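Please read the structure below before turning to the comments.
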Amino acid sequence: MLFANLTYKTINQQTRDKVVILPLGATEQHGPHMAVSTDTDIVSHVAAGCEALLQDDILLCPALPFGSSHHHLSFGGTLSLSITTYTQAIVELVESLLNNGFRKIILLNGHGGNITPVKQALAVLGNRYDSTMSPNIALVTYWETAGSIFAGAAPMESPALSHACEYETSMMLHLFPEKVWMNMAERSVRPETNGFIPFEDDEPYKGVTLFKQTAYISSNGSSGHPQLATAEKGQHLIENAVRSVSDFITSFKNWPLLPDLSHE
C-alpha cells in the first residue's frame, strides 16, 4: 500500500502492524553519461518492486530525493543537505512515523553518502525511544543486502558497485535508458592504487578509510567502468535487489520489539 493513499482513520485502524518503507535517494551528478536522478530512480524502483510483492505487509512512503552529497558539489547538478541537516531530517521523518504509531520502519537507502548520517540518526532515535517505544528501525542499503550480486559476481566484470559505474549504469539502462548516454561513458582518471584505499572500486575494503571530495578521486565524476554496462546486466541486478530486500522485509516484519534485558 502507498502511504500517500492513506487517511488518518486508515492509519489508526488498519496499518500499524505493517512495515513502513522510506526510500532514501539523492540528486547528484553521475558523471557525463547519466542523469542526476539516478540514485532516487533506482531505489524508488527497488522499493516499488518490493511493494508489489508484499502488498499486504508494506506501507511505501514517497522517496526522499535529496541526500548527503556535499562531496559531489564540485560537479554540476548536485543538490545536497549537510550531514547535520540530513541526520536531523531523518530523525524528524522517523519521529513522524513513530508518532503515527508505527514501530517497524525500514530506511531503504540508494546512496552511499547517506549511510553514515543515517546511522547517526539511528543512534539518536535509539537513545530517545528505546525505553518508551522500543521500535525496530533498520537501515537497508540495497546493494549491501544483495551481497555478492553487487560485488563482482558474473555477469558483472568490475569488482563492486561504486558511483556512475558499470552497476548503476546497467540498472539505469534497464530502467530508464532515456536517462543514459553511453557515447559519453568512459573510465575516469583515478588516483594510483596503493593497496589499501579502495577509491570506490579499485581495492577491496581493508578497514582503512580516507575520505576525499569526488573531484580528487575522479576526473569526470564517475567511477568504475561504466562503459561495460548493459541493460541485461541491469535487469539481473534489479531483480536480485528486489528479491533480497523483499526477503529481508519478510523476516523483519516478524521480528519482536525488543525488551530491556537489564531488568531480567
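Bear in mind these aren't lab numbers, they're just calculated from the coordinates by the rules spelled out. The structure displayed is predicted, hence computed values, not measured ones. Note that each Cβ is placed from the backbone with ideal geometry, even for glycine, and that neighbours are counted across all protein chains shown.
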* Asked: Suppose R0 equals 41 Å; then what is the FRET efficiency for ALA4 and LYS206 from their Cβ-Cβ distance, rounded to the nearest 0.05?
  -> 0.40
* Asked: What's the FRET efficiency of SER262 with THR84 using the Cβ-Cβ distance as r and R₀ = 25 Å, to the nearest 0.05?
  -> 0.20
* Amide H neighbours of CYS165 under 5 Å, counting only residues 5+ apart in sequence or on other chains, H built in-plane at 1.01 Å? -> SER223
* To do: Rounded to the nearest 10 degrees, what's the angle between the helix 83-99 long axis and the longest principal axis of the chain, both from Cα atoms, 0 to 90?
  => 30
* Structure fact -> Taking only the alpha carbons of the stretch 170-251, the radius of gyration and the largest Cα-Cα distance, Dmax, both in angstrom, are 15.7, 43
* Once the dipole of the chain is set up with Lys and Arg at +1 and Asp and Glu at -1 on Cβ about the Cα centre, which of CYS50, GLN120, LEU173 lies farthest towards its positive end? -> GLN120
* Structure fact -> Per the helix-only model, the chain has a calculated mean residue ellipticity at 222 nm (DSSP H runs of ≥4, -39500 (n - 2.57) each, divided over all residues, rounded to the nearest 500) of -11000 deg cm²/dmol
* Asked: Where does each of 221-228, 234-241 land if you order them by average Cβ count within 10 Å, highest first?
  -> 221-228, 234-241
* To do: Send over the per residue convex hull volume for the stretch 204-264, Cα only, as a whole number of Å³.
  => 197
* Cα centroid distance between the stretch 176-191 and the stretch 67-143, in Å? -> 29
* Each residue of the stretch 238-243 in turn: what ³J(HN,Hα) in whole Hz from Karplus with 6.51, -1.76, 1.60 and θ = phi - 60°, glycine and Pro shown as x? -> 5, 4, 6, 5, 4, 5
* To do: Tell me which label goes with the value of Kirkwood radius over Cα pairs in Å computed from the coordinates here: (i) 19.2; (ii) 23.4; (iii) 18.3.
  => (i)
* Asked: Among the trypsin sites (Lys or Arg not before Pro) within the stretch 148-216, which fall in a DSSP loop and have no more than 15 other Cβ atoms within 10 Å of their own Cβ?
  -> LYS206, LYS212
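Going by a ≥ b ≥ c, the root eigenvalues of the Cα gyration tensor, does the stretch 1-134 fall in the rounded group (a/c under 1.5), the prolate group (a/b larger than b/c) or the oblate group?
Cα axes put the stretch 1-134 in the oblate bin.
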* Rounded tilt (10° steps) of 166-175 against the dominant C-alpha axis of the chain -> 70
* To do: For the pairs LYS119/LYS206; LYS179/LYS206; LYS206/LYS233; LYS104/LYS212, note any where the Cα-Cα span goes beyond 29 Å.
  => LYS179/LYS206; LYS104/LYS212
* Asked: Any idea how far apart ALA138 and ARG190 come out in nm if each label point goes 7 Å out from Cα toward Cβ?
  -> 3.1
* **20 °C / 1.002 mPa s Stokes-Einstein diffusion coefficient of the stretch 63-141, Kirkwood radius on C-alpha pairs, µm²/s** => 163
* Asked: So which GluC sites (Glu not before Pro) in the stretch 142-235 end up in coil per DSSP with only 16 or fewer other C-beta atoms within 10 Å?
  -> GLU157, GLU186, GLU192
* With the contact rule set at Cα under 8 Å and sequence spacing of 6 or more, what percent relative contact order holds for the stretch 131-264? -> 35
